[in-house]
Structures are given as structure tokens and as C-alpha cells.
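Only one structure is covered here, and it is reproduced in the block below.
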Amino acid sequence: MAFLKNIWYVAAWDDEVAPGRMLNRRLLGQAVLLFRDADGTVRAIADRCPHRFAPLHRGTLKDGAVHCAYHGLAFDGRGACVLNPHGDGTIPKAAKVTSYPVVERHSAVWIWMGDSALADPALITDFSCMDKTAFHVGKRYLHVKANYQLETDNIMDLSHIEYLHAGTLGSDAVKRAALDVAQDGDVVWSKRVTRAERLTPYLEQAMGVPPGQLVDRWLDVRWTAPSNMLLLAGATATGRPREEGRETPTIHLFTPETETTTHYWFAISFPQAMGEMGKAMAEEHIEGLSIPFATEDLPMLEAQQQSMGDSDFWALKPILLAGDGGAVRARRVMDRMLKEEAATATVAA
Ligand code: FES
Ligand SMILES: [Fe+2]
């Protein structure tokens, strides 16, 4: 399976790339090294020295340059060799490493692993609900031993919350939910509304619903390629308009590490206007969500991957249920984008 190259992927939360420190991470099968320049700008270069291929993250970061631990060559954030401590110090022409375009936006670091001439920051999906200037953002990271598209399926088909998260996020109203799938260009929406639902005590508390109050709950998920989702969730007393409820965004961002492992960044946000309470809620809620994600979703996703082994998803002929519409559309968009990219690469070659 190939990965889409000419698209922005999340590489890290912004605060994972701390000043003066290096973060090595495999993305799309490639070893990448993230760090900040002397002026604080995030950089990403290949994590492999061109001399004897030592991983550069074993070296040291000094004044924005990475010094290889093996024989001391140093590389800057653009991948240029800036120091050869051997011989007369001449820098060999081939002494450079690949550098990747990176942009710090919406509390995340975005990376472009394809043709850098095409890396237009305007193509980054809008996740401004994670902008720290206007929101308190609670965020976490999980490593998952499963393919990233299984994660798309998981978020786009929330019928699973009734089963996998029965005691935390689900209820038996979920399978009777009204579903609406919509596509706008390459953006896919999967919208789910439950009526007259009795929430779990955990959700009543999290969503500010009085105990026992029957509610209408909406779970609207926006998918954009490759596997980034915005989930807008809210509830109102049954029959009441949405405007009376509070809608809270959670964000689910997935980047393949390999074909069978995935980086998962998730977040929740509350407006800065809520002051200290919003800040406390962001932390409390993301901690609360981490538990079902890590102890209920993650083991299922990993078991699914083991069960599928190396088989192609479609080759296994999955049966389709009522809730699968959004996830299938997202997969179709990805299949088309992958085909188009492969065709362009062939023409270019
Ligand atoms: S392997 Fe990096 S300087 Fe030799
Ligand atoms: Fe889940």
C-alpha cells in the first residue's frame, strides 16, 4: 500500500518539539527528525546521516544545527552540512540530508513529505478551534499498532460507541440514530443524531446535562484527507433547538507511522472566554476521554489489525452496515487521491 505524499500530515503537537531538543519519529515509513532552529522555527530533516547512515537523533543539537554523534558532521534545519571537522574542513557536495516543509499551525506541526514545490500552507485543513490564541486546548498522543484507515473508520462510524464504550460514551439510543452522510468536494461529513437519549452519568457530567434529562445528541464528524477529523458533539433537552446546547469540538488526527502502525493526536477545546474554568475543563475532559480511547478503542484497533494481517481491506470483502456510509466515502476519496498521485508520478517519470 502506498501513502499519499503530496498532502499535509501532522508530525507532532507543537509542544512536543521543545526548544533545544530533538524529536525523532517515523512518518510514512521514513525516519524524520524534528527540532527548532536557533530562532525557534520548527524544522524537519531526514534522521539519517549521509556519511555512514547513523541516526542523527543520537547526536546533539547546538545553535539550530544537528551534530552527528559518529564523526561530527553537522546539518542545519534546511538539511545543509554546515560543519566538516575532518581534513581541511571542505564540505563534500553530497553532504546534505532531505529537509521537509513544516508549518506550525492549530497547536500542531504539519509536515509535507512529497514534492516540496507543491507544499502550500493554505492547503492545511482548518482546525482553528485548536488555536491557542482563542481556545484552551487539552491534547494527548497515542501510538496505535493499526493502519491509519482503520482509525478513519472508527471515528467516521460512531455506531461503535454503543458497544465498545457502553459504560462511558455510548447508550442504546445510538444504533437508532438518524444518519446523514454528505460530501463537499473531498470533504466528507458523517452526521448522527440520537433522540430522547439517556446519557451515561459520565456524559451527563461532561456535557452539562442534569441527571436523568432526556436529550437529543448530535455527533457530526468532518473528515479530510489523509485521516484528520473534527468531531462536533452537543446535546439539548429533547425537542429543543441546538442553539440551546453547548457544542464541543474534539479533534482526531492520524498519521501513518508504517502501514500497520499509526500516530494518533487527539484534542478538545473550550473558548478562552470561559477563563480558568475552560482551561480546567479542557484538561479534565481530555484526561477523561483518554481512558476509553486508550483502553477501549486502541485494543480493538490493534486486534483488528492482527486479525487482518497484511491483507488489503477491500480484498477481504468487508460487509457494509447502515453506519458505514461516511467511512466508505472517505476511503473512496483516499483511493481516488492515491490513484491520481500515482498517475501524476508516472507521467512525471
Ligand atoms: S555517520 Fe555521521 S558523521 Fe559519520
Ligand atoms: Fe471509540
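For this structure, a couple of remarks:
- Rounded to the nearest angstrom and listed largest first, the equivalent-ellipsoid semi-axes of the stretch 1-44 from its Cα gyration tensor are 22, 10, 8.
- Cross-link partners of Lys175 among aspartates and glutamates, defined as those whose alpha carbon lies under 17 angstrom from its own and excluding same-chain residues fewer than eight positions apart: Asp153, Asp157, Glu162, Glu197, Asp216, Asp220, Asp324.
- Magnitude of the charge dipole for the stretch 34-84, about its Cα centre and with charges confined to Cβ atoms of Lys, Arg (+1) and Asp, Glu (-1), is about 200 debye.
- Most mobile listed residue (Ser227, Ser190, Ser307) in the chain, GNM with C-alpha springs under 10 Å: Ser307
- Proximal charge balance of Glu197 [Cβ under 12 Å; K/R count +1, D/E count -1]: +2
- Within the chain, longest stretch free of exposed chymotrypsin sites (Phe, Trp or Tyr not before Pro) [DSSP loop, at most 16 other beta carbons within 10 Å]: 71-312
- Packing-based exposure ordering (other Cβ within 10 Å, fewest first) of Arg198, Arg36: Arg198, Arg36
- Taking other C-beta atoms within 10 angstrom as a stand-in for reagent exposure, Asp39, Asp172 fall in the order Asp39, Asp172, fewest first.
- Global geometry of the chain, whether rounded, prolate or oblate, following the gyration tensor of its Cα atoms and the 1.5 cut on a/c: prolate
- Cross-link partners for Lys279 among the aspartates and glutamates, with Cα-Cα distance under 20 Å and sequence neighbours closer than 8 places in the same chain left out: Asp14, Asp15, Glu16, Asp131, Glu204, Glu247, Glu287.
- Averaging the Cα positions of each part gives two centres, and for the stretch 123-172 and the stretch 241-280 these lie 7 Å apart.
- Cα-Cα over 25 Å, subset of Lys62/Lys132; Lys96/Lys132; Lys5/Lys96; Lys62/Lys93; Lys145/Lys317; Lys5/Lys145: Lys62/Lys132; Lys96/Lys132
- Counting neighbouring Cβ atoms within 10 Å and putting the fewest first, the residues Leu232, Leu34 line up as Leu232, Leu34.
Only the coordinates and a few stated rules stand behind these numbers; no lab work does. From a predicted model like this one, the values you see are computed outputs, not experimental measurements. Every residue, glycine among them, receives a Cβ derived from its backbone with ideal geometry; neighbour counts consider all protein chains shown.
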